[in-house]
């Protein structure tokens, strides 16, 4: 019985240690650091370029560059990008939640690779339709 208890305790301790390391292993947001898939900054379009593209099509696939305005506080599971033209931030989630990003990514310029979609939704406060953009990112590169 003692052996079973000891083995169970070791397994639980190992699990907590493994989960705890996931957050601790997240690299600080410095230029050149990648999160998720390793990417480069070549051929990235701006947020304004994405807006223009999505006026003609509801989907975009490729690289996007922008400034991070918010990171999920609980686990770095999403971020938002600054959108100068509409003031409506662009929501970025991570493919299969395969990686997380640090809080110090706020204020940094990044390049991400992924798929963006645009959709219309009704704003409950203004009773008007708003166009929202959501991105599922496979990888992120800090550029400055």
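Any read-out appearing in this document is the output of simple, stated calculations on the displayed coordinates, not a laboratory observation. Because the structure is a prediction, the values reported are computed rather than measured. Ideal geometry is used to build each Cβ from the backbone, glycine not excepted, and the neighbour counts take in all protein chains shown.
Some notes on this structure:
- Estimated FRET transfer efficiency (residue 48, residue 25; beta-carbon r; R0 41 Å; 0.05): 0.75
- Highest mean packing comes first when the peptides 31-37, 112-118, 90-96 are listed by Cβ atoms within 10 Å, giving 112-118, 90-96, 31-37.
- For the stretch 29-142, taking the reciprocal of the average inverse distance between every pair of different Cα atoms yields a Kirkwood hydrodynamic radius of 14.2 Å.
- Cβ crowding within 10 Å averaged over residues, with 50-61, 124-135 ranked highest first: 50-61, 124-135
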